[in-house]
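One structure is given below, encoded as structure tokens.
The values are calculated or read from the model by the stated rules, or taken from the named source; none is laboratory data. Keep in mind that what you see is a predicted model, and the values were worked out from it rather than measured. Positions of Cβ are generated from backbone atoms using ideal geometry, with glycine treated the same way; all protein chains shown enter the neighbour counts.
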There are 2 protein chains.
Amino acid sequence: MKRCHNFNAGPAVLPVPVLERIREEMLCLPGVGMSVLEISHRSKTFETILSETENRLRRLLNVPETHHILFLQGGASLQFSMVPLNFLTRDGVADYIVTGSWSEKAVEEARKIGRVNIAATTKEENYARIPNQSELRLDPQAAYVHFTSNNTIFGTQWPTEPEVGTTPLVCDASSDFLSRPLDVSKYALLYAGAQKNAGPAGVTIVIVREDWLERIPGGLPTMLDYRTHVKHRSLYNTPPVFAIYVVGLVLEYLEAQGGLAAVAAASAEKAGKLYAAIDSGSFYRGTAERNSRSLMNVCFRLPNPDLEAVFLREAAANGFEGLPGHRSVGGIRASLYNALPMESVLALIDFMRDFARRHA
Amino acid sequence: MKRCHNFNAGPAVLPVPVLERIREEMLCLPGVGMSVLEISHRSKTFETILSETENRLRRLLNVPETHHILFLQGGASLQFSMVPLNFLTRDGVADYIVTGSWSEKAVEEARKIGRVNIAATTKEENYARIPNQSELRLDPQAAYVHFTSNNTIFGTQWPTEPEVGTTPLVCDASSDFLSRPLDVSKYALLYAGAQKNAGPAGVTIVIVREDWLERIPGGLPTMLDYRTHVKHRSLYNTPPVFAIYVVGLVLEYLEAQGGLAAVAAASAEKAGKLYAAIDSGSFYRGTAERNSRSLMNVCFRLPNPDLEAVFLREAAANGFEGLPGHRSVGGIRASLYNALPMESVLALIDFMRDFARRHA
Ligand SMILES: Cc1ncc(COP(=O)(O)O)c(C=O)c1O
Ligand SMILES: Cc1ncc(COP(=O)(O)O)c(C=O)c1O
Ligand SMILES: [Mg+2]
Ligand SMILES: [Mg+2]
Ligand SMILES: [Mg+2]
Ligand SMILES: [Mg+2]
């Protein structure tokens, strides 16, 4: 069967060579008489997979020795709670910069634990942009500043992280993780569900600075205490073995592509072409402000919702999948994660041109 | 490459037809132009996978309409905390029947939330048996009674669930889930990591009685509140799509085998033959008392640890994997989950006979 053009927002397209490798090894990992689905998480085989995956990520993202890399379960949504459980006290305060629905959800969970200071929000502007540095009202007492580096639903992205002085910086990087180089040393903690650029659903990557762990209070449920997973190197209990294995293969693929600088250049090219097509006439209209535009999730509208429905129907019939905007906002969203080939972007642009000609 | 005899305690052996099906569909699910690793969890395709998996499980285990079926992340270890967070109050008490290391860990997490009454423990006897009904000292005020149906490390198994009157019964069924029919109506909540009989690591199955949910207090982290997952039918956030898909394939395979009665008969036959081999002379010695013996994890010793080391070395050289006992107890453990073929058991028995003849 022919593979479609997969514009899913996550879980999302994966590199074909990774899928082929999984297929090839499904009944027997090389040199091991069993499937990766059947190996013990305490085996040498998995030890090697786990440490190679960690090492590759450390190399690719240039993660300093001051930071631990963890592979957890529960998605970014569980991190919304783990971060404040570990680092916010009942009478403490944390800064949250609110740039979309995911930031809002993070705030909701933090409020169950302690106080939240909304350092900035662009809700009034329908989250069409990232706030400027000068708009941030940071609390000098804050236990940390939390922000969402890429807003999957609204299609906005921080060009670079906010400046927060000496307050620990925490980032939900779910939807742009591994799409560009990052200065990890600026972060106290960074988390990302793997299911966009890094792998399949089922594993969440957390990068946390060693010295920040000292703040964690005693008495937390063992599975929710970051120290548990640091101490046991993500092997306190049975980890999501297969998802970690696939992340390892994706990282290997990204290294072969030339690393994150090459990946970022490819992203810029793909997004650049698509935004140019949107901007080239008045039929399509991008929803994000120009200098807040996401390179990962390109959100746009057509002249009216009826035309959008026709567009989505015709697109699906032509092999373009995953283009409906998030159910909370509507419109069109084309997600351009690393594994999406340029060919798919060009095909979409062709389709858009043709559709506009027929319906303008 | 030749597949080994896989006696892993979990993650563990899976049915070959399931692995072949995964391999076949890895690049494109039938009728869908993408891999199961690339589909959206909000797609029709996944909706169908999820509901078919739930329906199959409901049929196989005869789960009544009074009970919800959930597919969660975090392993059984996160359930150790979620159960008391949802159902135990700070000044309340819960009964725990302690039959091994996993029960101990469950107790440890419950003690962080409220009071625990150890209703019985066989620790003094090195967990070699399941307590009798008459030994249980149940607290009539208990919010629930928690027990571990099969003790993966010590190789003991409850022949049937304890009688607990009207107190809600909670079970960690991780290592014998789907190995035999169960009267689910007796349980308020039952949980199991999938990675023994039900699928790969990365998904945890929870079955919970609707009317018990009313007891859950407000203010819990959203991801730790069972009501979240009931309300959103395991789709509050991105679920472990692939692990659920594989569970669905395993359930389909189990149905084709004739369901849980057939599976239980096969287990009894496999374990019967292995225990008979152990009992047939004095060289091998089972560690569990006879009427507490597990059909899933057969634990035994040799005359001395040196011989055990030789046994394990030779076994590995002959294609028997996963036979070392848990690192906390040593000895030998042969796990006989559903997907382990009788052929592997017979081969092991042959090897054991030969080894005993050479070393007795
Ligand atoms: C930026 C961001 N944060 C958090 C989430 C929630 O992630 P999960 O479904 O892994 O809990 C998403 C999901 O798409 C996301 O895009
Ligand atoms: C009976 C039992 N309970 C709990 C666990 C822990 O499960 P997990 O690793 O999924 O947290 C295990 C793991 O083997 C087990 O056998
Ligand atoms: Mg958003
Ligand atoms: Mg335009
Ligand atoms: Mg045990
Ligand atoms: Mg004997």
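Tell me whether the range B:63-86 contains one or more residues that are within 8 Å of chain A (Cβ to nearest Cβ), buried (at least 18 other Cβ atoms within 10 Å of the Cβ), touching a Cys at 6+ places or on another chain (Cβ under 9 Å) and within 28 Å of A:R327 (Cβ to Cβ).
no
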### Task
Please tell me if B:L260 is more than 16 Å from ligand 3 (Cβ to nearest atom), more than 14 Å from chain A (Cβ to nearest Cβ) and in a helix (DSSP H, G or I).
yes
### Task
Name the residue, out of A:L78, A:L70, A:L50, that is within 18 Å of A:T228 (Cα to Cα), modelled with pLDDT of 95 or more, within 16 Å of ligand 2 (Cβ to nearest atom) and over 18 Å from the mean Cα position of the chain (by Cα).
A:L50
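Per-residue answers, yes or no, for (1) in contact with a Gly (Cβ under 8 Å, 6 or more places away or on another chain); (2) more than 16 Å from ligand 4 (Cβ to nearest atom):
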{"position": "A:A256", "(1), (2)": "no, yes"}
{"position": "A:G259", "(1), (2)": "no, yes"}
{"position": "A:A262", "(1), (2)": "no, yes"}
{"position": "A:A266", "(1), (2)": "no, yes"}
{"position": "A:K273", "(1), (2)": "no, no"}
{"position": "A:D279", "(1), (2)": "yes, no"}
{"position": "A:Y284", "(1), (2)": "no, no"}
{"position": "A:A288", "(1), (2)": "yes, no"}
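Taking the conditions exactly as written (touching a residue at least 60 places away in the same chain (Cβ under 8 Å), more than 12 Å from ligand 2 (Cβ to nearest atom) and more than 30 Å from B:F300 (Cα to Cα)), does B:L182 satisfy them or not? Don't jump to the end; show me each part of the working.
Details: touching a residue at least 60 places away in the same chain (Cβ under 8 Å): yes; more than 12 Å from ligand 2 (Cβ to nearest atom): yes; more than 30 Å from B:F300 (Cα to Cα): no.
For B:L182, the condition - touching a residue at least 60 places away in the same chain (Cβ under 8 Å), more than 12 Å from ligand 2 (Cβ to nearest atom) and more than 30 Å from B:F300 (Cα to Cα) - is not met.
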### Task
Look through B:R333, B:R293 and report the one residue that is crowded, with 17+ Cβ neighbours inside 10 Å, away from ligand 6 (no atom under 15 Å from the Cβ) and of a type in the set (D, E, K, R).
B:R333
### Matching strands (runs of 3 or more DSSP E) fully within the range A:132-247 where at least 3 residues are of a type outside the set (S, T, N, Q) and within 14 Å of chain B (Cβ to nearest Cβ)
A:189-193
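Among the residues of the range B:274-326, write down those that are part of a loop (DSSP other than H, G, I, E, B), within 14 Å of chain A (Cβ to nearest Cβ) and more than 18 Å from B:Q157 (Cα to Cα).
Within the range B:274-326, B:N318, B:G319, B:G322, B:L323 meet the criteria.
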### Task
Sort out which residues of the range B:20-62 are within 14 Å of chain A (Cβ to nearest Cβ), part of a helix (DSSP H, G or I) and touching a residue at least 60 places away in the same chain (Cβ under 8 Å), and write them in order of number.
B:R21, B:I22, B:F46, B:I49, B:L50
### Task
Looking at (1) under 20 Å from B:P240 (Cβ atoms); (2) crowded, with 23+ Cβ neighbours inside 10 Å, find the lone condition where B:F46 falls short.
(2)
